[in-house]
Amino acid sequence: MTMNRPRGWRRGLVDLDVGEVSREIFVNEEIYAEEQERIFARAWLHVGHESQIAKPGDYFVSCMGEESVILCRDRANKVHVFLNSCRHRGMKVCRYDEGSTTVFTCPYHGWSYGTDGRLVGVPYFREAYHSRLDKEKLGLVEVAQLANYKGSIWATWDPAAPPFTEYLGGFTRYLDLQLDGWDGREGQAEVLGGVQKWLVPCNWKFPAENFSGDTYHNISHRSVDLAGIGPSGAGRRDMGERDVSRKLHVCVPDRGHQTILYVLPADKLPPPAYMNAPIVAEYFRHCEEERRRNRGEEARLVGAPGEIFPNTALLSRQPRTMAGWQPRGPHQTECWRWFFVDRDAPSEVKNFLRDYYIRYSGPAGMTEQDDMENWNYAHAASRGTIARRYPYNYEQGHGTAVTDYAYQGLRVPGEVIDLTEVQSSEQPMRNFYRRWAEFMEADDWSQLATWRTVRKAAE
Amino acid sequence: MAERDTRIDRLFLRQEIADFFYREAELLDHHRYREWLDLLAEDIRYWMPMRRNVKFGEAEREFTRAGSDINWFDEGKETLARRVKQIETGIHWAEEPRSRLSHLVTNVQLQGVEPCFADPQEVSATCRFLIYRNRVETETDILVGRREDVLRRGSGEAGDGWLVARRKIILDQNVLLSKNLTFFI
Ligand code: FES
Ligand SMILES: [Fe+2]
């Protein structure tokens, strides 16, 4: 049993002084089992978006780590997240992906639960249970805490976890880029119909570290760059705005969240884009102006791939998506991807973006296909006894992060590396695995909320 | 007499359409993508929806919608051609080394013809497909489903063969069991 495992995750498996992470943490089944306990049962996890459950009775079946959960809006308009498992013998009470209902009836013996989770119906309650079953105690298991952050729904099983915004730390700034409108108004995002779900034979941390900000894997995507699917028509998949910006790695050190970020110069709006689609070009030109007006200097931030610890990826610019890397055993991940547009955008804009998004992302996405091939075979080639003896290397840019970064008057807190000249670093991965090791070591949240105590200088 | 002629016309047409599908499958299996592209109408809509688990009686919500929802594919000829171009770079790692592919097409049925069997210009046909993909060493995918095609009689430069004008691909999966879709169906 894993209980007897000697302590020392950090020294034994994640050595950030040297810049090494053991392959065991990707392929070892005991470590995987412990992750479920220590990470997925304690961290805040992304569940879905309120636009997916717009009306009372609406539900969306999501998952938190390995476990199926029901995100639903009860009749009184309150949002809940329940474990999708009957209290009687565990049957999945909802096997639809989404819909609307007044009650979840278990197909096994017929216990039924209201959309508020309460056990409302038990067959033969009077006869077989002699009216003595305590129904109040046998409602659907509900998450310990739930947060609605600008429409995105997050939950944790741990009552001791800090509030969600505290969990994010300074990372709210980047989640805002995801969820606010292009024009800078708060929480204007909506999820397009259809959440992509697909299986990839690799450990969940491969996509998690990639989306933490792997700026080094250009060769992976050479073929799509050659084929040209940029949102302005031909050419690169990236946008022109990146060429005039500073490119950064930004890490929130004690939280394990990290992202790539572009920062525009103080005096420049992004160069015009989407010129082959006049309505779209006009929409974005208008939004950029509004964003400057609404957000001031903050409007200079341009989002890029990022990761909220442990398994939620953000991509706030193009293609605008959120992803969940759902563990399915050490050797398999179920990828979930939600696609976002501005709720109020003209339909031409939504259609244009949607076409681009599905050409880019997901299993049919011309970009992401090549990522999955790499994660698949990197994982497979790391499973052997000999392979496991050789840790992965994370030395890139070691010791070069600064904590007082500013560009033309705009401050960027956190551990930052300016990549504009050096091109790439592995600071985000080091940040991710540092937090991973902390989660694996800590007994409870009093040890995990390190920012509440004075940070040790030795760190 | 006239009725009998229609039945023979129908039989010939069904065989002609099936032959077209087999030829197309052969091109795909041999990675002859340029020739395959020539079989697609300029205005083709190539659509593969995602499938939800929905309650009995809510069948209309099962498929994601073309043109407004997220789908596995929702393509025109231009983007299909870009996908071909990507494979042809030789550095599209998801197809390098190339997958071994077998497209099996069966249960071909004619669902409609315009204007008539004697002079078919546009044909709606359904079929079942089974795609076997094997790559690298032991990696294997099997995709099974139904296809709904509209074929149009080509003209001019494209010759007078059939062209695929619409294709709806209905895969019998919810969570996609393959890590990617780097091939055409
Ligand atoms: S398992 Fe649900 S009622 Fe028995
Ligand atoms: Fe990538």
Counting only residues 5 or more apart in sequence or on a different chain, those whose built amide H sits under 5 Å from that of B:Val113 are B:Ser124
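Pairs to check: A:Lys55/A:Lys92; A:Lys55/A:Lys150; A:Lys205/B:Lys85; A:Lys197/A:Lys350; A:Lys78/A:Lys150. Give those whose C-alpha atoms are more than 25 Å from each other in this structure. Show your work: numbers first, answer last.
Working: A:Lys55/A:Lys92 23 Å; A:Lys55/A:Lys150 17 Å; A:Lys205/B:Lys85 31 Å; A:Lys197/A:Lys350 21 Å; A:Lys78/A:Lys150 15 Å.
Result: A:Lys205/B:Lys85 exceed 25 Å.
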Output field shielding_mean for A:361-369 (other chain Cβ, 10 Å radius) holds 6
Rounded, prolate or oblate: which fits chain A, taking a ≥ b ≥ c as square roots of the Cα gyration tensor eigenvalues, rounded meaning a/c under 1.5, else prolate when a/b beats b/c? oblate
Taking θ = phi - 60°, what integer Hz values does the Karplus form 6.51 cos²θ - 1.76 cosθ + 1.60 yield along the stretch A:379-386, in sequence order, with x for Gly and Pro? 5, 4, 7, 10, 8, x, 4, 6
Which cross-chain or sequence-distant (5 or more) residues have an amide H under 5 Å from the amide H of A:Met91, H modelled 1.01 Å from N in plane? A:Cys86
Against the 2.2 N^0.38 Å scaling, with N counting residues, where does the stretch A:45-146 land? I'd like the Cα-based Rg ratio to two decimal places. 1.05
If we restrict to alpha carbons, what Rg and Dmax does chain B come to, in Å? 17.5, 60
Environment charge of A:Gln36, counting only residues whose C-beta is closer than 12 Å and scoring Lys/Arg +1, Asp/Glu -1: -4
Could you state the angle between the C-alpha long axis of helix B:2-29 and the longest principal axis of the C-alpha atoms of chain B, as a value from 0 to 90 degrees rounded to the nearest 10? 20
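Would you please classify the overall shape of the stretch B:83-185 from the alpha carbon gyration tensor, given that a ≥ b ≥ c denote the square roots of the eigenvalues, rounded means a/c under 1.5, and beyond that prolate means a/b larger than b/c while oblate covers the rest? It would help to have the intermediate numbers written out before the result.
Details: a/c = 3.06, a/b = 1.69, b/c = 1.81.
Because a/c hits 1.5 or more and a/b fails to exceed b/c, the stretch B:83-185 counts as oblate.
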For B:Arg98, residues with placed amide H under 5 Å, excluding near neighbours: none
Would you please state which residues of the stretch A:272-314 a label at A:Arg185 would reach in this model, taking the label point 7 Å out along Cα→Cβ and a backbone N cut-off of under 17 Å? A:283-296
For chain A, what is the relative contact order in percent, using Cα pairs closer than 8 Å and at least 6 residues apart in sequence? 19
Using the Karplus curve 6.51 cos²θ - 1.76 cosθ + 1.60 with θ = phi - 60°, work out ³J(HN,Hα) for each residue of the stretch A:44-53 in order, rounded to whole Hz, and write x for Gly and Pro. 7, 10, 7, 10, x, 10, 5, 5, 7, 9
Gyration tensor on Cα atoms of the stretch A:144-200, a ≥ b ≥ c root eigenvalues, a/c under 1.5 rounded, else prolate if a/b beats b/c, else oblate, says oblate
Derived scalar couplings ³J(HN,Hα) [the stretch A:334-344; Karplus, 6.51 cos²θ - 1.76 cosθ + 1.60; whole Hz; x for Gly, Pro]: 9, 8, 10, 9, 9, 10, 10, 9, 5, 3, 8
Could you give the angle, 0 to 90 degrees to the nearest 10, between helix A:278-295's Cα long axis and the longest principal axis of the Cα atoms of chain A? 80
Expressed as a whole number of Å, what is the distance separating the alpha-carbon centroids of the stretch A:291-315 and the stretch A:87-148? 39
Which of the aspartates and glutamates could a cross-linker bridge to B:Lys179, judged by Cα under 16 Å and excluding same-chain residues fewer than eight apart? A:Glu334, A:Glu368, A:Asp370, A:Asp371, A:Glu373, B:Glu95, B:Glu96, B:Glu137, B:Glu139, B:Asp141
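Could you work out the relative contact order of the stretch B:1-104, using alpha carbon pairs under 8 angstrom and six or more residues apart, expressed as a whole percent?
Details: 80 pairs, mean separation 28.5, N = 104.
Once divided by the residue count of the stretch B:1-104, the mean separation gives 27 percent.
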Do the sum for the protein assembly as shown: with -39,500 (n - 2.57) for every DSSP H run of n ≥ 4, divided by all residues, what is the mean residue ellipticity at 222 nm, to the nearest 500 deg cm²/dmol? -7000 deg cm²/dmol
Restricting attention to the stretch A:73-140, which GluC sites (Glu not before Pro) occupy a DSSP loop and are surrounded by at most 10 other Cβ atoms within 10 Å? A:Glu127
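At a 10 Å Cβ-Cβ cut-off, how would you order A:Thr333, A:Thr367, A:Thr102, fewest neighbours first?
Details: A:Thr333 29, A:Thr367 19, A:Thr102 13.
Ordered by Cβ neighbours within 10 Å, fewest first: A:Thr102, A:Thr367, A:Thr333.
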Cα→Cβ-extended label distance, 7 Å offset, between A:Arg388 and A:Ser100, nm: 5.2
The stretch A:85-141: trypsin sites (Lys or Arg not before Pro) in DSSP coil with no more than 13 other Cβ atoms inside 10 Å: A:Arg89, A:Arg95, A:Arg126, A:Arg132
Pull the list of chain A cysteines that no other Cys approaches to under 4.7 Å, Cβ to Cβ. A:Cys63, A:Cys72, A:Cys94, A:Cys202, A:Cys251, A:Cys287, A:Cys335
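Could you work out Rg/(2.2 N^0.38 Å) for the stretch A:342-459, with Rg from alpha carbons only?
Working: Rg = 20.3 Å, N = 118, 2.2 N^0.38 = 13.5 Å.
With N residues counted in the stretch A:342-459, Rg over 2.2 N^0.38 Å equals 1.51.
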Excluding A:His80 itself, what net charge comes from residues whose Cβ is under 10 Å from its Cβ, given Lys and Arg +1 and Asp and Glu -1? -1
For chain B, longest principal axis from Cα atoms; helix B:77-88 axis from its Cα atoms; angle between them, nearest 10 degrees, is 50
When you look at the Cβ of every residue in B:49-58, what mean number of other chain Cβ atoms sits within 10 Å? 4
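Rule-based calculations on the coordinates, nothing more; no lab input. Everything numeric in this text was worked out from a predicted model, so none of it was measured. Virtual Cβ from ideal backbone geometry, glycine too; neighbours counted across all protein chains shown.
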